[in-house]
Amino acid sequence: MNDVRKKDVAGKRVLVRGDLNVPLGEKGKMQDDFRIKQITPTLHFLLENKAKVILCSHFTEEEISLKTVIPALKKFLNMEVIFVNDCIGEVVEREVEKLKPGQILLLENLRRYAGEKKNDPEFAKSLAKYAELYVNDAFGVCHRNHASVSAIVNFFEPENVMAGNLLMDEVQTISYHLKNPKKPIVAIIGGAKIETKVRVIKKFLDMPDCDVLLGGKIAHAILRRKNEIKFGTMPNQEVFPYIDKIDINNSKIHLPTDNVVYFKKGVQEEVYDVGPETIHEFNEKIAAAKTIFFNGPIGYFEDERNTGTVEILKAISRNRASFSIVGGGETNSVIYKNNLEDKISYISTGGGAFLAFITGDRLPGLEALGYYV
């Protein structure tokens, strides 16, 4: 991959694909600005070297405006951010023409155009025409075959397609610790979508001296399907084939031995968290580990009664002898809410991309940058 830090960018129009899709709470209030902070080294490099920066990103919800992130961008860059309420078209063209070296222009939410998710070459061409150089600094969307990530590189010369500071760092750090982990290893996998995590569970089970701790809806789905527990919602039959691939008798797999159970609507018992016995067992494994991977909350962390995810993160933060890598938007939000960011070795901006990269999938965004050549 070409590294933008080795490129002369002075006076050049540079289109930067960032991941500004920050978590939002009630009334659209930003819950944390981690992803915005992580992209600023690349933006600082470009701006200090007198590039004309055109920044683009998406919000998952197409109706949300990227104006939402401007205060955070201004805080980290310590400068004005010009905004245009579109991402292609004449109004964008006029703003780009006015852009001076050392200035930054933020485009509107890319997903307001269907062509973004469809990887439409015409949309990609319309976006690319404003710039001479393209920089992908959005590791978190590299698993998406979208126009601003994949098709867009076809409209630049190969030497003008580059990776940003954050993307280079993510790929190098995760790769190194997957290939050269200090042992013993602990992988903690939670969250809800079991169909996306069976392969990553298998990946870690195949690693020597690696324990896999499972929590969240994934663990409950497995226990329910295997008839280990008799309460809570039975998972959708569509995920049965994924669950059936998991051998819960494998000594390296650790499932919750107790659960926090609430009544849902006064009738149905539902699992909302792991219990104290499980937390104690998981914490012992974490304390002995030399390399730790964590993706996905292990309980319904939004409820203040549920402490599992926080306790696991605190256990990780106490093990200063380990190298810990945590990825996933929800997990990262818990880290920042509890002021643990300085006690985790590496926090990835990727969720789905983090998992796909670990399993060895060819990520479209990395493929477009020539990573697999």
*asked:* It is to be established whether one or more residues within the stretch 51-58 are surrounded by fewer than 21 Cβ atoms within 10 Å (Cβ to Cβ), in the same structural domain as His146 (by TED's automatic domain parsing) and not small (Gly, Ala, Ser).
replied: no
*Right, Thr173: out of contact with any strand residue (DSSP E or B) (no Cβ under 8 Å at 6 or more places or on another chain) and of a type in the set (Ser, Thr, Tyr) or not?*
no
*Wholly within the stretch 2-119, which helices (runs of 4 or more DSSP H) include no fewer than the required count, namely at least 3 residues that are of a type in the set (D, E, K, R)?*
34-48, 90-98
*With Glu108, Glu63, Glu97 as the choices, which residue is loosely packed, with under 15 Cβ neighbours inside 10 Å, modelled with pLDDT of 95 or more, farther than 23 Å from Pro158 by Cα and not small (Gly, Ala, Ser)?*
Glu97
*Criterion violated by Met162 - all others in (1) under 29 Å from Lys37 (Cβ atoms); (2) not assigned by TED's automatic domain parsing to the domain that holds Ser148 satisfied*: (2)
*When the stretch 100-124 is examined, which residues are found to be of a type in the set (Lys, Arg) and closer than 20 Å to Val69 by Cα?*
Arg111, Arg112
*asked:* Just to confirm my filter: which strands (runs of 3 or more DSSP E) fall fully inside the stretch 149-230 and include at least 3 residues that are modelled with pLDDT of 95 or more and small (Gly, Ala, Ser)?
replied: none
*Candidate set from the stretch 246-299 (those that are in a strand (DSSP E or B) and among the acidic types (Asp, Glu)); member that is surrounded by the most Cβ atoms within 10 Å (Cβ to Cβ)*: Asp273
*Name the single residue, out of those in the stretch 285-333 being without any contact (Cβ under 8 Å) to a residue 24 or more places away in the chain and farther than 22 Å from Pro181 by Cβ, that is nearest to the chain's Cα centre (by Cα).*
Glu302
_Scan of the stretch 120-148 for residues that are part of a loop (DSSP other than H, G, I, E, B) and among the hydroxyl-bearing types (Ser, Thr, Tyr), ordered by number_ = Tyr130, Ser148
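The values are calculated or read from the model by the stated rules, or taken from the named source; none is laboratory data. Keep in mind that what you see is a predicted model, and the values were worked out from it rather than measured. Please note: Cβ atoms are built from the backbone with ideal geometry, for glycine as well, and neighbour counts cover all protein chains shown.
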